[in-house]
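Structure, as structure tokens:
The values are calculated or read from the model by the stated rules, or taken from the named source; none is laboratory data. Values in this document were obtained by computation on a predicted structure and should not be read as measured data. Cβ placement follows ideal geometry from the backbone for every residue including glycine, while neighbour counts extend to all protein chains displayed.
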Amino acid sequence: MKAVQIAEYGGPSVLQVVDVGWPSVHDGKVFVEVHAASLNPFDTMVREGHLKDAIPLQLPVTLGGDIAGVVVEVGTGVTNVSVGDKVYGQANVVAGNSGAFAEFTVTAASQVAAMPDNLDFEQAASLPLVGVSALQALTRHIDLAAGQKICINGGAGGIGAVAVQLAKHIGAYVAATATGDDIDFVKQLGADEVIDYKQQHFADILQNYDAFFDTVGGDDFGRAYSILHQDGVAVSMVAEPDEAEARQRGVVALRQSTAVTTNMLGQLAKLVEDDVVTTHVGKVFPLVQAQEAFQARESGSVSGKVVLAIKS
């Protein structure tokens, strides 16, 4: 079967489409024919070697996490999905799976679920990591409630766009950052207030907020504490919290590590089927153009998720 692998760390040029052997199905695993997979910043971090000390991998490895496809075999003990089911979820090698950017993958049954019945494979593949990240942050860490105020930093990104929709569904007042054409996009998602980050900084405008959800990083996360009231919660996908500053201001600050599970994917699928959450696929590439797909995502030229179409 064909897969996109790296034999060394580096830029998009290290991505190679190669023929590899079939992965084996063990207890608790599922064998999935992959119809589509999507790219995430995490895939770039793995490819460039930023995680090689924390998560050592034996190269070559197949890259990718997000998948959508059809179950063709299940291992012993698997009860949540069956052969023939359309599923979506994660198949990342860093979690002990065989990788998403391949014609077939073996992944933990606990990391897949029935895909939303109103999406095609490419749309479903765009959702697992970004959707669960937003859902986990807002419902588990922030525990956002109706009537509260939240600022979402990076409202037009994959995670941010889902977070805006979820926050509005919960009944919160939503401020978000964006720029250019993305300002109108974020307004269409339901944001009550959109701040053009090239013109103004959110910390100079907002105050007395209940929560801050950061998908951007940099200095923004540290400055976010000042917009929160005491006992407010700040969650970042990328930045480490300044614990001393957070304690001084009386706020809770943490960096999130997303856990894509069957339960969370099931909750997300219900939100999609109820039209609470919509997908935003920006551009689709065939598997053989994985290098071009990464270049497009990393250039910032594509609004929305970049997806690999693997089975037509």
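Data table
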| read-out | value |
| --- | --- |
| Matching residues, segment 205-238, being closer than 16 Å to residue 140 by Cα and in contact (Cβ under 8 Å) with a residue 40 or more places away in the chain | 210, 211, 212, 213, 214, 233, 235, 237 |
| Only one of 271, 265, 308, 206 that is farther than 26 Å from residue 146 by Cα, aliphatic (A, V, I, L, M) and either over 20 Å from the mean Cα position of the chain (by Cα) or surrounded by 15 or more Cβ atoms within 10 Å (Cβ to Cβ) (or both) | 308 |
| Which listed residue is closer than 24 Å to residue 269 by Cα and assigned by TED's automatic domain parsing to the domain that holds residue 305, from 165, 136, 188, 123 | 123 |
| Every pair of residues 6+ apart whose Cβ atoms lie under 8 Å, when the first sits in segment 80-91 and is surrounded by 24 or more Cβ atoms within 10 Å (Cβ to Cβ) while the second is hydroxyl-bearing (Ser, Thr, Tyr) | 89/107; 89/262; 90/107; 91/98; 91/105; 91/107 |
| Scan of segment 5-21 for residues that are in a loop (DSSP other than H, G, I, E, B) and farther than 12 Å from residue 102 by Cβ, ordered by number | 7, 8, 9, 10, 11 |
| Complete set of residues in segment 167-193 that are charged (D, E, K, R) and in a loop (DSSP other than H, G, I, E, B) | 181, 192 |
| Residue among 100, 37 that is crowded, with 21+ Cβ neighbours inside 10 Å and assigned to a strand (DSSP E or B) | 37 |
| Residues of segment 106-131 satisfying the condition of being closer than 18 Å to residue 86 by Cα and of a type in the set (Val, Ile, Thr) | 106, 107, 112 |
| Residue check, residue 57 assigned to a loop (DSSP other than H, G, I, E, B) and free of Cβ contacts under 8 Å to residues at least 40 places away in the same chain | yes |
